[in-house]
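The values are calculated or read from the model by the stated rules, or taken from the named source; none is laboratory data. Given the structure is predicted, the values throughout are model-derived calculations rather than measurements. Here Cβ is always computed from backbone atoms with ideal geometry, including for glycine, and neighbour counts include all displayed protein chains.
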Amino acid sequence: MSGCDTLIIEPGYYYDHLLINTSNLNGNVGGNGCYTTIKAATPWTVTVDASTQTEPFNGTIFMYSASYVQLIGISAAANPNYNGGGGTNSPWFVDGSNHIKLQQTAGFNAACGGNVAVYSIGPGSSYVLVEDSHAWGCGRYKFLTYQSDHVILRRDVARHDYHDITGWPGQITGWARQCGLFVNYDGQNDIFQNDIALDSGDTNWDTGEVWGALWSEHNDSAIDNSIKFEGSLALNISGGATWQDSKQSGVHTFINDASWNTQGGLNIGPLIQGGVLDGLTYPTTSVSHMTMVDVRTNMGSVYGTMWGIGVDGGTEPLTSYKSQIVSNNIFQSAYNFGVGNYVNSDSNYFYEDGANYGTSYYLGYVPAAGANDVVANPQLKYLTREEPGTPVYGTASDGGNVGATILYQIGTTGTLWGDPGYDTTTSTSLWPFPNEAVIKTDMASFSMTNPIAGGTISGARGFAAPGTGLYGGPITLTSYVWEALGYPCPAGICQ
């Protein structure tokens, strides 16, 4: 192939791996912006399976120093037994590359131990799009953007099935338990749009508890700025925080996101160690139009963190951080509290929470009630919208609805960061969710014996279980999301 050629692959299983690291495969020939394209003749009918291969350094489909390349309609399976060469053995690995598009792809069969991501973007990659794709099975992370910038994860679906931390440093209480579904790790200018994390986590911590459905981490000296989570959902998540945003700096936005039946809520930084802010400036975090229903533990719904008990010494050093406000959100059925620690509240709805304002086990400052906060039944029927005539419809301080409205696709299909329409709400309905039948079939097929706890880990659970939804048809990803609060999926959404 040459730059900007198109390769069309016939349906089938290809027991091989794909390495893209030669300059002749790069697109943008003559600066015209064209892409080298590798695509399935029919989406979802091509699988590159490295389970019988000694894989290259980092995984099944591995791009290194590539640019202007797109792959469409292809699934990738790793060799779960291969751990040679120091590689991470990811089904998908994009390293030091730019202007890469992965569309309608899938990743599975990652190794069940070690520091493995199913989709590993970075280090050193930029302007990458992973769109309409899904990941499941083993692997510490499902979608990871690491030390990279201008990455968009759009309309992707992730489920965590198993992670073995036996023999890792710290084991049960150590950092190996930090399993995330959508992870920004030392990244800058990354966006998560309409992503869904669901049915993940294990009460047996030996198997790797999920610490975050959508997780931000920071371990380098760079400023992590302009991170946005928008129009995304987390359902049925065990482990730590649903959205984890500690140790961060820069600008972070959470808007129109929703969660249901999760063990934690949204934890927003910064991290304090030994009484000293962890080398970072205070982040500017905007949290608005979120809907959180049934947060099960004492971590509460939205709370600021001062990691390290007794750090404040009664002086509350995070005064500047407390000036940040969370607004126009719905906190319903939180076991402990709706808003707590080092954040302030205004124009939020609280209903049937353990407390409206409180502190987590970090023992931080307890916010006061906001001037426009409301304690009343928001009359929610769905996580994804508010109904006309209810008290939260059209009553937000900005004129919109209180809580999340997740009805339309965010970002024009195929756009990278900076392209026209890359971060606008389109007129295309998000529901039924794209490719949901393929996603359910793939994830339902997972099955393995739990080597620690015994028994079978079945993929035919949650949204992927057989059976009939409340609307009268088979359970789908769409019906699972819309029926989470016990009301039938509306006609026209589920058919």
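Scan segment 463-474 and tell me whether some residue there is farther than 21 Å from ASP132 by Cα and not in a loop (DSSP other than H, G, I, E, B). There is at least one residue in segment 463-474 that is farther than 21 Å from ASP132 by Cα and not in a loop (DSSP other than H, G, I, E, B).
Among the residues of segment 102-117, those identified as of a type outside the set (S, T, N, Q) and in contact with a Leu (Cβ under 8 Å, 6 or more places away or on another chain) are LEU102, ALA117.
Considering every residue within segment 417-440, establish whether at least one is part of a loop (DSSP other than H, G, I, E, B), touching a Ser or Thr at 6+ places or on another chain (Cβ under 6 Å) and farther than 24 Å from TRP136 by Cα. Yes; the residues of segment 417-440 include at least one that is part of a loop (DSSP other than H, G, I, E, B), touching a Ser or Thr at 6+ places or on another chain (Cβ under 6 Å) and farther than 24 Å from TRP136 by Cα. Is it the case, given these coordinates, that GLY414 is loosely packed, with under 14 Cβ neighbours inside 10 Å, modelled with pLDDT of 95 or more, more than 22 Å from LEU383 (Cβ to Cβ) and assigned by TED's automatic domain parsing to the domain that holds GLY338? Against the criterion (loosely packed, with under 14 Cβ neighbours inside 10 Å, modelled with pLDDT of 95 or more, more than 22 Å from LEU383 (Cβ to Cβ) and assigned by TED's automatic domain parsing to the domain that holds GLY338), GLY414 does not qualify.
Among the residues of segment 1-33, just one is over 17 Å from MET63 (Cβ atoms) and touching a Cys at 6+ places or on another chain (Cβ under 6 Å), namely VAL29. Listed by first and then second residue, the pairs with beta-carbon distance under 6 Å, at least 6 apart or on different chains, first residue in segment 78-104 and within 22 Å of CYS138 (Cβ to Cβ) and part of a loop (DSSP other than H, G, I, E, B), second of a type in the set (D, E, K, R) and at pLDDT below 95, are ASN79/GLU55; TYR82/GLU55.
Would segment 12-25 turn up any residue that is surrounded by 12 or more Cβ atoms within 10 Å (Cβ to Cβ), over 28 Å from the mean Cα position of the chain (by Cα), closer than 22 Å to ASP95 by Cβ and small (Gly, Ala, Ser)? For segment 12-25, residues surrounded by 12 or more Cβ atoms within 10 Å (Cβ to Cβ), over 28 Å from the mean Cα position of the chain (by Cα), closer than 22 Å to ASP95 by Cβ and small (Gly, Ala, Ser): absent. Applying the condition of being surrounded by fewer than 21 Cβ atoms within 10 Å (Cβ to Cβ) and within 17 Å of ILE191 (Cβ to Cβ) to segment 231-255 and asking which residue is modelled with the lowest pLDDT yields GLY250. What is the one condition in (1) under 22 Å from LEU153 (Cβ atoms); (2) surrounded by fewer than 16 Cβ atoms within 10 Å (Cβ to Cβ); (3) hydrophobic (A, V, I, L, M, F, W, C) that ALA460 does not satisfy? Looking at each condition in turn, ALA460 falls short on (1).
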